[in-house]
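Enquirer: Sending over a structure as structure tokens; questions will come in a sec.
The values are calculated or read from the model by the stated rules, or taken from the named source; none is laboratory data. Please read all numbers here as calculations on a predicted model, not as lab measurements. Here the Cβ positions follow ideal geometry from the backbone for every residue, glycine too, while neighbour counts run over all protein chains shown. All accessible areas refer to the heavy atoms of the entire protein, side chains included, with ligands and DNA or RNA removed. Shrake-Rupley method; radii C 1.70, N 1.55, O 1.52, S 1.80 Å.
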Amino acid sequence: MSELSKNFNHQEADAKWYQLWLDKQYFKSTPDAREPYTIVIPPPNVTGVLHMGHCLNNTIQDILIRRARMQGKNACWVPGTDHASIATEAKVVQMLREKGISKSSLSRDEFLKYAWEWKEKYGGIILQQLKKLGCSLDWDRTSFTMDEAYHKSVINVFVDLHNKGYIYRGKRMINWDVKAKTALSDEEVIRKQTNQRLYHLKYRIDGSNEQIIIATVRPETIMGDTAICVHPEDTRYKHLHGKFAFVPLINRRIPIIADDYVTMDFGTGALKVTPAHDMNDYQLGQKHNLEIIDVLNDDGTLSTDAQIFIGEERFEARKKVVAELEAKGFIAKIEDYTSEVGYSERTDTVVEPRLSLQWWVDMKKLNGPALEAVMNGDIHFHPAKFKNLYNHWMANIKDWCISRQLWWGHRIPAWYDEQGNVYVATTEAEALQKAKSQKLKANNSPEPSALNIHLTQDEDCLDTWFSSWLWPFEVFKGLSNPGNAEVKYYYPTNTLVTAPEIIFFWVARMIMAGYEYMNELPFKDVYFTGIVRDKQGRKMSKSLGNSPDLLAMIDHYGADAVRFGIMIASPAGNDLLWDESTNEQGRNFINKIWNALKLVKMWETRKAERQKDQNPDGNNISLSHFSDFPAVWFENRLNAAKQEVDTLIKQFRLSEALKLIYSLIWDDFCSWYLEWVKPGFEQPIDAATYDKTVLFFEDLMALLHPFLPFITEEVYHQLKERDNDLCVKQTAANNEPLKEVLEQGELLKQVITALREARVKNQIKPKDPINLFIQSPDEPAYQTILSILSKQVNAPNVTFTSDTINGSIVVAVEKDKFYIQSEQAIDAAGLKEDLLKDLAYQKGFLESVLKKLNNERFVQNAKADVVDNERKKQADAEARIKTIEESLAAL
């Protein structure tokens, strides 16, 4: 142990202890006889860099895993990364562009070579950054969603679900990302309120001079219009049923149809029907057998079918279409309009509805067990409010579009022959065998040339979530090596910590996959974190410039302070308003602990065995009188706090648990206990008291360790030489706290605080002694705390009295009165003012309590202990009022 520095050196300590934990393999887990506690990390994208969301999510996981490790469980936290098809392909394309290489100039294999090189160079950065945060992951278990065995499992799942009839290929309206040039599932589309313009366009009726006005926010798609639809009961348009109109600019003749889908009071009540570019229009088109004209290319430019402005980007085309419509008199009016628009979750570009041939999963064939598991409580959501959201989505589940028009990812295991027949198989050889078998089945003696089949594999990749839904069991090779010892031991896992925005993307799908392939739930508890926002309530983002550099903060404040800052105001499931000042609060807390350590270490050199001292009145008082009660009180306070922390963590109220520990250390230990046992100037401390203090300090560090691992490990080793580490120290069973001791401690704190405030108000300096008289119906309650009280308020003479002490300062605490005699002149007017203020407060408080107790519904419906607590508040308030009134009368 070295000489203690002025402040805790986080840079030195963080690196030292993390390396020691790694060297001693404390994070490594293998199956044994202990109870397992397993968490699988939500795999960050290989493109990822640590941000505040990661900080929150992974700090929570680390708290849970470190606590389980200290409870003697076999704690296993599995790290890994997700291949992130869309995000990674975009990064690789950008890298190639910077090198002057276009994706289109490369073959698939050439592109994938670059992609793997990029992944090997950058893909592990975020995992290394998690070490800086102190995350105690089992690094030997690091998984990747495109590892060879994992890939085989993904392919096998696709083939299996296809064979079961759960996966099919069909042409349907999908969400199209024009930037990434891929399909998206509904869950990958973010709906945002967007300011737009509503254009009222004139469509000329065939065979007359009449016009029908259509309102649209998308004038650039009118070239794809194939009908106008009105409500059959709308009297304004009944005469137009069965007639035709002409599309402006291109003069296409389109029918006017009637359907009760149209809302009569929206816009003009007449709807342009563009089946290729709107989900609902497509349904109308199918119903009325309308032509489908796609006027957009896959990159969002106008196609040849648009006839005009071919090759123009869609929003630039909109401007030009509007300008031409205005010039030719087709615009009746333009209004400002706000509505929801879909944006790609990955590229933040406006999504295009598009008719496309894609691969789908029939989710209704999978969702039953997963819905039941959450609704019947086999899987617990924290907070429980997300249960209703989950139920609504699962009960109304839609088919999942799983194909993506990308090269990076798991290529769809489907092959096509020259006639367009599809063969789903795990390998091309297997697909070829299937193709030959089908040819033979169709024709018992085909021409030999008929069996010379050329197959082409589907160009698309699977949605990234189609691999990550296997994560909880495939990280243990549960599918690639069924029934192995590890998956039997670690699965199902214990807790999943994730964000509510991926409850459908990932959580629901993992539960489905767990039941489908393991016949068991994947985890027992799901802790939903909130979104980290700035103090103005805005979501953290680079574009707003409000997303701090997490690694720079760790370097500046230390990992512990950053962990404290994110956890101290982080209620489960609710967004948190983060401000850098919470890091400073964390640093101050760490410095408080460090200063307490320096104080205790200073006492180490002047320990003394218990000895007798003489009081001024000649009575012998042992040093133990000063040390026994504080030790007994703090031991009970510690036991009570441990129980509370246990309860809070079981309820996943981690922020509240941290606040409780913070108060326990800052207030109860540093401000009270250490002050009570602190020896006089240059006086020795009782050896037994010192040893007890060290034990308390160790227990506090053990309680705090899962939250702040570095400072606690450092303090644990600085307290005394030892050959074990706090990281794996087993926590002892909690003892039941003694209520009467805790009440005595609270009484002592109340009295000391009240007397100190009275001294300050009456300008009695701390060094000036006072005479103290106590008037209490329960004198024995003070016997064990009298010597501490005497010392803390600098009252060498403390006497019990049954009479009012004239000429003294009166202080009322609960049912007791305290009289202070001092050489200082008494400010009777000021004292009276304080007592009157206190009296008014107590009467107001009593009134609020009585209001509850006089409410029959409250008394009848509230729990008995709640009612009893209110009655105790009533009795306490009445006693305080009586004491204050007597004090005022004495004045």
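Enquirer: Please turn the phi angles of the stretch 59-75 into ³J(HN,Hα) values with the Karplus equation 6.51 cos²θ - 1.76 cosθ + 1.60 (θ = phi - 60°), one per residue in order, whole Hz, x for glycine and proline.
Expert: Values per residue, Gly and Pro as x: 5, 4, 4, 5, 4, 5, 6, 5, 5, 4, 4, 6, 8, x, 7, 7, 7 Hz.
Enquirer: On to the next question. Per 10 Å bin, what is the whole-percent P(r) computed from every C-alpha pair distance within the stretch 304-394?
Expert: In order of increasing distance, the bins hold 11, 22, 26, 16, 15, 10, 1 percent.
Enquirer: May I pose another question? Using 1/(1 + (r/R0)^6) with R0 = 25 angstrom and r between the beta carbons of Asp458 and Lys398, what's the FRET efficiency to the nearest 0.05?
Expert: 0.65
Enquirer: Now for a different question. Give me the percent of the accessible area of the chain that comes from carbon and sulfur atoms, probe 1.4 Å, all protein chains in place.
Expert: Accessible surface attributable to carbon and sulfur in the chain totals 48 percent.
Enquirer: Which of the aspartates and glutamates could a cross-linker span from Lys333 if the Cα-Cα distance has to be under 19 Å and same-chain partners fewer than 8 positions apart are dropped?
Expert: Glu210, Glu220, Asp265, Glu324
Enquirer: Counting only residues 5 or more places away or on other chains, whose amide H sits under 5 Å from the amide H of Ala227 once H atoms are built in the peptide plane?
Expert: Placed amide hydrogens put Val273 under 5 Å from Ala227.
Enquirer: Quick one: if you stick a label point 7 Å off each Cα along the C-beta vector at Asp147 and Ala732, how many nm between them?
Expert: For the pair Asp147/Ala732, the computed spacing is 4.1 nm.
Enquirer: Write down the Å³ per residue value for the convex hull defined by the alpha carbon atoms of the stretch 722-782.
Expert: 194
Enquirer: Quick check: net charge around Ala90, other residues with Cβ under 12 Å of its Cβ, Lys/Arg +1 and Asp/Glu -1?
Expert: That sum, taken over residues with Cβ under 12 Å, equals +3.
Enquirer: Also, I was wondering about something else. With a probe of 1.4 Å, find how much accessible area the chain has per residue, and write the answer as a whole number in Å².
Expert: Heavy-atom accessible area per residue stands at 46 Å².
Enquirer: Ignoring everything but the protein chains, give the 1.4 Å probe accessible area of Leu577 in square angstrom, nearest 10.
Expert: Taking all protein chains as shown, Leu577 has close to 100 Å².
Enquirer: Based on C-alpha coordinates, I'd like the Rg and Dmax of the stretch 1-160, in Å.
Expert: Looking at the stretch 1-160, its Cα Rg and Dmax stand at 19.5, 65 Å.
Enquirer: Still on this structure, please answer the following. Using a 1.4 angstrom probe with every protein chain in place, what is the largest-first accessible-area order of Tyr150, Tyr168, Tyr841?
Expert: Largest accessible area first, the residues go Tyr841, Tyr168, Tyr150.
Enquirer: Right, something else. Once amide H atoms are placed 1.01 Å from N in the peptide plane, what residues at a sequence separation of 5 or more from Asn74, or on another chain, have their amide H within under 5 Å of its amide H?
Expert: Residues meeting the criterion, in which the H sits 1.01 Å from N, are Glu35, Tyr37.
Enquirer: If r is the Cβ-Cβ distance from Ala875 to Lys767 and R0 is 30 Å, what FRET efficiency results, to the nearest 0.05?
Expert: 0.15
Enquirer: I'd like the Karplus ³J(HN,Hα) series for the stretch 167-175: coefficients 6.51, -1.76, 1.60, θ = phi - 60°, whole numbers in Hz, and an x wherever there's a Gly or Pro.
Expert: Residue by residue, the stretch 167-175 yields 10, 9, 10, x, 8, 8, 6, 10, 8 Hz.
Enquirer: While we're on this one: Tell me, what ³J(HN,Hα) does each residue in the stretch 365-378 have, in order and in whole Hz, if you take phi through Karplus 6.51 cos²θ - 1.76 cosθ + 1.60 with θ = phi - 60° and put x for Gly and Pro?
Expert: Along the stretch 365-378, the couplings run 7, 10, 7, x, x, 5, 5, 4, 4, 7, 5, 8, x, 5 Hz.
Enquirer: Skipping prolines and chain starts, which residues have an amide H placed within reach, meaning under 5 Å, of the one on Thr182, given they are 5 or more residues away or on another chain?
Expert: Sorted by chain and number, the residues that satisfy this are Asp177.
Enquirer: Filter the trypsin sites (Lys or Arg not before Pro) in the stretch 300-339 down to the DSSP loop ones having no more than 16 other Cβ atoms within 10 Å, then list what survives.
Expert: Listed in order of number, the matching sites are Lys328.
Enquirer: Return the Rg/Rh ratio of the stretch 495-545 with Cα-based radii and a Kirkwood Rh.
Expert: Here Rg/Rh amounts to 1.18.
Enquirer: Under a cut-off of 13 Å between alpha-carbon atoms, report the aspartates and glutamates in cross-link reach of Lys598, not counting same-chain residues fewer than 8 places apart.
Expert: Leaving aside aspartates and glutamates fewer than 8 places away in the same chain, those within reach of Lys598 are Glu3, Glu714.
Enquirer: Taking a 1.4 Å probe, which of His54, His241, His380, His200 shows the most accessible area, and what order do the others take after it?
Expert: His380, His241, His54, His200
Enquirer: Any idea how far apart Asp868 and Ala485 come out in nm if each label point goes 7 Å out from Cα toward Cβ?
Expert: Between Asp868 and Ala485, the simple spin-label model gives 5.2 nm.
Enquirer: Another one. For Asn421 and Glu886 in the same chain, what is the full-extension length gain: residue separation times 0.36 nm, less their Cα-Cα distance, in nm?
Expert: Going from the current span to full extension adds 157.6 nm.
Enquirer: Need one number: nm distance between label points at Lys539 and Lys364, each 7 Å from Cα along Cα→Cβ, rounded to one decimal.
Expert: 3.1
Enquirer: Once all Cα-Cα distances of the chain are split into 10 Å bins that start at 0, what whole-number percent is in each one?
Expert: In order of increasing distance, the bins hold 2, 10, 15, 17, 16, 13, 10, 8, 6, 3, 1, 0, 0 percent.
Enquirer: When the chain is fully extended, how far beyond the present Cα-Cα distance does Ile250 get from Glu291, taking 0.36 nm per residue of separation?
Expert: Between Ile250 and Glu291, full extension yields 13.2 nm more.
Enquirer: So how exposed is Trp407, as accessible area in Å² (1.4 Å probe, rounded to 10)?
Expert: 50
Enquirer: Please enumerate, by chain and number, the lysines with C-alpha under 26 Å from the C-alpha of Lys28, excluding those fewer than 8 residues away in the same chain.
Expert: Straight-distance partners of Lys28: Lys16, Lys73, Lys119, Lys121, Lys131, Lys132, Lys477, Lys488, Lys524, Lys650, Lys729.
Enquirer: Can you sort Glu474, Glu516 by solvent-accessible area, 1.4 Å probe, largest first?
Expert: Solvent-accessible surface, decreasing: Glu516, Glu474.
Enquirer: Something else: Would you please give the FRET efficiency between Leu742 and Asp348, computed as 1/(1 + (r/R0)^6) with r the Cβ-Cβ distance and R0 = 60 Å, to the nearest 0.05?
Expert: That gives a FRET efficiency of 0.65.
Enquirer: By how many nm would the segment from Lys24 to Gln71 lengthen if fully extended, with 0.36 nm per residue of separation less the alpha-carbon distance?
Expert: Between Lys24 and Gln71, full extension yields 15.1 nm more.
Enquirer: So how do 792-798, 520-526 stack up, highest first, on mean other-Cβ count within 10 Å?
Expert: So the order, starting with the most tightly packed, is 520-526, 792-798.
Enquirer: Just to be sure I understand: if I project the alpha-carbon convex hull of the stretch 815-875 onto a plane and average over all orientations, what area do I get in nm²?
Expert: The directionally averaged projection comes out at 5.2 nm².
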